[in-house]
Amino acid sequence: MLQERIERKLAEALDPEHLEVVNESGNHNVADGSETHFKVVVVAQAFEGERLLRRHRRINSTLAEELAGGVHALAMHTYTAAEWRERFGSAPMSPPCLGGDGSLPARSD
């Protein structure tokens, strides 16, 4: 799965404190199940002292193979830990729910 490959590559390259990779393909005029449009949110010490353009170039370089292949669009949101705290508070946002494994009973209230 392309989304998982993007997550793995960014995690290995940046050792992020927070990483979110969101497949936004469903918001675009593409076939169901496509993996063409992504958003990444990365909080990493590696961005300390780097301007936005350098951060984006770092991600583009890390994902060069994916960008040359099937990825049509990649929205990047890159922060140092201090920038994240200033913007969003003391804790990173929780990652989106992936639905769970269905082992918990449904709530009846």
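Which FRET efficiency value, to the nearest 0.05, is calculated for residue 24 and residue 64 with the Förster distance at 30 angstrom and r the Cβ-Cβ distance? Mind dumping the intermediate values first?
Values: r = 20 Å, r/R0 = 0.68.
So, using R0 = 30 Å, E works out to roughly 0.90.
Determine the sum of side-chain charges near residue 73: Lys and Arg each +1, Asp and Glu each -1, restricted to other residues whose C-beta is under 15 angstrom from that of residue 73.
Working: positive: 39; negative: 24, 35, 66.
Taking every other residue near residue 73 into account, the sum is -2.
Express the carbon and sulfur contribution to the solvent-accessible surface of the stretch 1-88 as a percent, rounded to the nearest whole number, probe 1.4 angstrom.
Working: 2260 of 5210 Å².
Exposed carbon and sulfur together represent 43 percent of the surface.
Could you work out the local net charge near residue 7, counting Lys and Arg as +1, Asp and Glu as -1, over the other residues with Cβ closer than 14 Å to its Cβ?
Values: positive: 5, 8, 9, 39; negative: 4, 12, 15, 20, 35, 66.
Cβ neighbours under 14 Å give a net charge of -2.
Can you give the FRET efficiency to the nearest 0.05 for residue 46 and residue 76, using r as the Cβ-Cβ distance and R₀ = 22 Å? Numbers along the way, then the final one.
Numbers: r = 14 Å, r/R0 = 0.62.
Given R0 = 22 Å and the Cβ-Cβ separation, E is 0.95.
Ranked from the most accessible area to the least, with a 1.4 Å probe and all protein chains present, what is the order of 77, 37? Before the final figure, lay out the partial values.
Numbers: 77 70, 37 20 Å².
Of 77, 37, the descending order of accessible area is 77, 37.
The values are calculated or read from the model by the stated rules, or taken from the named source; none is laboratory data. On a predicted model such as this, the values are computed, not experimentally measured, just so you know. Virtual Cβ from ideal backbone geometry, glycine too; neighbours counted across all protein chains shown. All accessible areas refer to the heavy atoms of the entire protein, side chains included, with ligands and DNA or RNA removed. Shrake-Rupley method; radii C 1.70, N 1.55, O 1.52, S 1.80 Å.
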